Amino acid sequence: MRKIIFGLVLILLIAFPAGNILHAQDNDPGGDPDEDFTATLNVNSAFTRELPTRESEWMASIFEDERLEVVGRNIDGTWFEVRRPGRLTTIGWMKAEYLDFEFDPAQLPLTDLVTGLEGPTALESDPGFAVFLHYGVVLRYAPLRTSPAITSIPLNSTVPILARNQDGTWLQVNYRGYVGWMIAFVGSDIPDLMTIPEASDLPPLQTVGADIIPPEVQRAHIAQLRAFIEPYRDLAESLDSFWLAVDRGEIMPCDPPDDIAEYQYTRADVRELPELDRYAPQLNEAVAYLNNSVDPLQNCGVVQITAIRRARSAAINARILFDATLERLDTLEATIR
């Protein structure tokens, strides 16, 4: 396991709320009535907010392992609207990354259509379909790999679906006000996929020719991916432990690691190992999380509790993505003869 060498001192600052404020609202979860929309807090403590944004007013204090009912999601699914069990009033919004849950966020109703809007096209209502992203994905103008990119959608987002292409391999979605197309396989399964309305004026479906690539070439790509992932995966695990210690009040020295670069690949590499089109964006998303975890180490000294917890969450997300990719590489390699 790669170790981190630290040099200066981090000091933990903890801010406690003055009190709780309740947000009165009747709001029952939608979706499957048999679904258990409950979650528990996975950090020591956190605030709920009046709106799904960090800049919004505090509403209530939640503590580690406290159980909550989730009644809705925001426009990109990164915030959940919550209430305490058995209550009819919500107590505000909580970042989804601070919660442990087992339900599919796409089954939650969309209860905030405007907060965090960036693009020009606001939703007027919940379209009734959504997808939770297991990978980061590029949002494109048309349902074609060659279509220009509009923006990127990070993993763990839940995006409203507006339409699909002819066979459901592409989905038209609204991501924070940007309307475009994303590949469907990066998201959770959609049982009623073909009941989503088909878009009009679609380009013809593309056919892909099959190239015969020697197994040793594909295995070489897999080995290269592993060599890239493993040290960063170990670094993510070390950062998780480091930030947990700081969060618990330990005084820790710091010395940030070298710059962490994205995985570099070409279209020729993708022709030789088509799975790169799925794995590389996920790896680069993990690298972004890893850099977010390292950022507070760039200026050693006093670190706010919120920054510490964001850094630890980023390290955990990076490790999860690296582990998932390594597992997929093992499965892929077993199929190559």
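Bear in mind that the values in this text are calculations on the coordinates, not laboratory data. Because the structure is a prediction, the values reported are computed rather than measured. Quick reminder, even Gly has a Cβ in these numbers, built from the backbone with ideal geometry, and neighbours come from all protein chains shown.
What ranking, highest mean first, results for peptides 139-151, 281-293 when packing means the other Cβ atoms within 10 Å averaged over each residue?
Values: 139-151: 14.9, 281-293: 21.6.
The most tightly packed comes first, giving 281-293, 139-151.
What number, in nm² with one decimal, is the all-direction average of the projected area of the convex hull of the alpha-carbon atoms of segment 215-335?
Values: hull surface 30.2 nm².
About 7.5 nm², averaged over all directions.
Residues of segment 122-161 with amide nitrogen under 11 Å from the 7 Å Cα-to-Cβ point of F101?
Answer for this model: 158.
Kirkwood hydrodynamic radius for segment 159-236: how many Å is it when counted over pairs of different Cα atoms? Please list the in-between numbers first.
On the way: mean 1/r = 0.0628 Å⁻¹.
For segment 159-236, inverting the mean 1/r across all distinct Cα pairs yields 15.9 Å.
If you count, for each residue, the other Cβ atoms within 10 Å and average over each peptide, how do 172-179, 215-222 line up from highest to lowest? Show your work: numbers first, answer last.
Values: 172-179: 20.9, 215-222: 14.2.
In descending order of packing, they fall as 172-179, 215-222.
Pick out the long, greasy-scoring helices in the chain: whole DSSP H runs spanning 15 Å or more along their own axis by Cα, mean Kyte-Doolittle at least 0.0. Before the final figure, lay out each step's value.
Numbers: long enough: 215-247 (47 Å, -0.14); 276-294 (26 Å, -0.28); 305-335 (46 Å, 0.16).
TM-like helix candidates: 305-335.
How far, in nm, would the chain grow between V114 and T53 when pulled straight, counting 0.36 nm per residue and subtracting the alpha carbon separation? The partial results should precede the final answer.
Details: separation 61, 0.36 × 61 = 21.96 nm, distance 1.12 nm.
Full extension of this stretch gives 20.8 nm more.
Give me the distance in nm between label points sitting 7 Å out from Cα along the Cα-to-Cβ direction at D259 and N292, one decimal.
For the pair D259/N292, the computed spacing is 2.1 nm.
Taking R0 as 25 Å, what FRET efficiency do you get between Q304 and D65 from their Cβ-Cβ distance, rounded to the nearest 0.05?
Values: r = 23 Å, r/R0 = 0.92.
For R0 = 25 Å, the calculated efficiency reads 0.60.
Find the Rg to Rh ratio for segment 130-195, where Rh is the Kirkwood radius over alpha-carbon pairs and Rg uses the same atoms.
Values: Rg = 10.5 Å, Rh = 11.5 Å.
Reported Rg/Rh (Cα atoms, Kirkwood Rh): 0.91.
Work from the charge dipole of the chain (Cβ charges, +1 for Lys and Arg, -1 for Asp and Glu, about the Cα centre) and give the residue of L297, A60, Y232 farthest towards its positive end.
L297
Would you please state the base-10 log of I(q)/I(0) at q = 0.11, 0.12, 0.14 1/Å for segment 106-239, with intensities from the Debye formula using one equal scatterer on every alpha carbon?
Treating every Cα as an identical point scatterer, log10 I(q)/I(0) equals -0.52, -0.60, -0.77.
Starting from the Cα of A149, step 7 Å along the direction of its Cβ; do the same at T331; then give the gap between the two resulting points in nm.
2.5 nm
Return P(r) of the chain (all Cα-Cα pairs; 10 Å bins starting at 0; whole %; ordered from short to long distances).
Whole-percent P(r) values from 0 Å outward: 5, 22, 29, 27, 13, 3, 0.
So what is the calculated 222 nm ellipticity per residue for the chain, using -39500 (n - 2.57) for each DSSP H run with n of 4 or more, over all residues, to the nearest 500 deg cm²/dmol? Working shown, then result.
Details: 4 runs with 89 residues, N = 337.
Rounded to the nearest 500, the figure is -9000 deg cm²/dmol.
Taking every pair of distinct Cα atoms and averaging 1/r, then inverting, what Kirkwood hydrodynamic radius in Å comes out for segment 79-119?
Details: mean 1/r = 0.0841 Å⁻¹.
That comes to 11.9 Å for segment 79-119.
Using 7 Å Cα-to-Cβ label points, what is the A227/L202 separation (nm, one decimal)?
4.2 nm
In debye to the nearest 20, how big a dipole does the chain give about its Cα centre with +1 on each Lys and Arg Cβ and -1 on each Asp and Glu Cβ? Walk me through the intermediate numbers first.
Numbers: 27 positive and 50 negative charges, 140 e Å.
Here the size comes out at about 680 debye.
Considering only DSSP beta bridges with both partners in the chain, what is the antiparallel share in %, to the nearest 5?
Around 90 percent of the beta bridges assigned by DSSP in the chain are antiparallel ones.
For D167 and N44 in one chain, what is 0.36 nm times their gap in residues minus the Cα-Cα distance, to one decimal in nm? Can you show the working numbers first?
Values: separation 123, 0.36 × 123 = 44.28 nm, distance 4.54 nm.
This chain segment gains 39.7 nm when fully extended.
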